[in-house]
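Below is one structure; the comments refer to it alone.
The values are calculated or read from the model by the stated rules, or taken from the named source; none is laboratory data. For clarity, every value in this text was computed on a predicted model and none was experimentally measured. A quick note on method: Cβ atoms are made from the backbone with ideal geometry, for glycine too, and the neighbour counts reach across all protein chains shown.
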Amino acid sequence: MSCLGAKQDQAAKKLVNSLKDFISEHEGTQSTIAKKVGVAMCEAFLAYDEGDFARAVDLLAPVRYQVVTIGGSNAQRDVFNLFLIHAAIKSSEKRHHQLARNLLLERKALKETAPMTDRLIAKAMAMHGD
C-alpha cells in the first residue's frame, strides 16, 4: 500500500512477485497465510491503483473474512474493509454496488455512530441509488 501511495508501482509489483516466490519456496504458517490471503490482497491493491476496481473487489471479497489471519489490530484490519467498500463503490459492476451497500449496512450495525460510515453510505447512494 505504501509503495502504491508513493507512486512506486514497480516496487509494489516486485513485492508481490517476492511474496509469490516466498510461497513457492517455503512452507509453514506465514506461507499459508500469504497464499490464502496475502497475494489476493496485494493484487487487489495493484488492480485498484490501475483503476480496475471490479478486479480489486473480485480479488479481495472472497478473502474478506480471512484477513484476521494476518494479525494486527481491529483498526488496522478495518483498513482492508474500507478498501473493499471503496473499490465496490467505484466498480462498474452492479453486483459490487450491492456488496458495498451490504458492507456499509454491516459496518453501520457494528459502529452505529461512525460518521465515516454515514458519509460512505451517502456517497454510495449518490453514485448508485439503484
- Boolean, residue 31 is loosely packed, with under 12 Cβ neighbours inside 10 Å, over 17 Å from residue 92 (Cα atoms) and of a type outside the set (A, V, I, L, M, F, W, C): no
- Just give me the residues in region 64-103 being outside any helix (DSSP H, G or I) and touching a residue at least 24 places away in the same chain (Cβ under 8 Å), in sequence order. 91, 92, 93
- So, of the residues in region 75-89 that are surrounded by fewer than 20 Cβ atoms within 10 Å (Cβ to Cβ) and at pLDDT 90 or above, which turns out to be farthest from residue 5 (Cα to Cα)? 81
- Query: Taking the stated definitions as given, is residue 128 touching a Lys or Arg at 6+ places or on another chain (Cβ under 9 Å) and surrounded by 18 or more Cβ atoms within 10 Å (Cβ to Cβ)?
  - Reply: no
- Message: Being part of a helix (DSSP H, G or I) and within 22 Å of residue 84 (Cα to Cα): is that true of residue 36 here?
- Response: yes
- Item | Residue tally, condition of a type in the set (Lys, Arg) and outside any helix (DSSP H, G or I), over region 108-123 | 1
- Query: Given (1) over 15 Å from the mean Cα position of the chain (by Cα); (2) under 19 Å from residue 40 (Cβ atoms); (3) at pLDDT below 90, where does residue 95 come up short, assuming only one miss?
  - Reply: (3)
- Task: Starting from region 52-63, keep only residues that are touching a residue at least 24 places away in the same chain (Cβ under 8 Å) and within 13 Å of residue 42 (Cα to Cα), then list their pairs with residues that are among the small types (Gly, Ala, Ser) and in a helix (DSSP H, G or I) whose Cβ atoms are within a distance under 6 Å, requiring at least 6 positions of separation or different chains.
- Result: 56/44; 56/47; 56/87; 57/87; 57/88; 60/44; 63/40
- Message: Quick check on region 91-125: of everything there that is under 18 Å from residue 48 (Cβ atoms) and hydroxyl-bearing (Ser, Thr, Tyr), which residue is surrounded by the fewest Cβ atoms within 10 Å (Cβ to Cβ)?
- Response: 92
- Message: Looking at region 51-74 only, could you name the residues that are more than 14 Å from the chain's Cα centre (by Cα) and either at pLDDT 95 or above or of a type in the set (Gly, Ala, Ser) (or both)?
- Response: 71, 72, 73
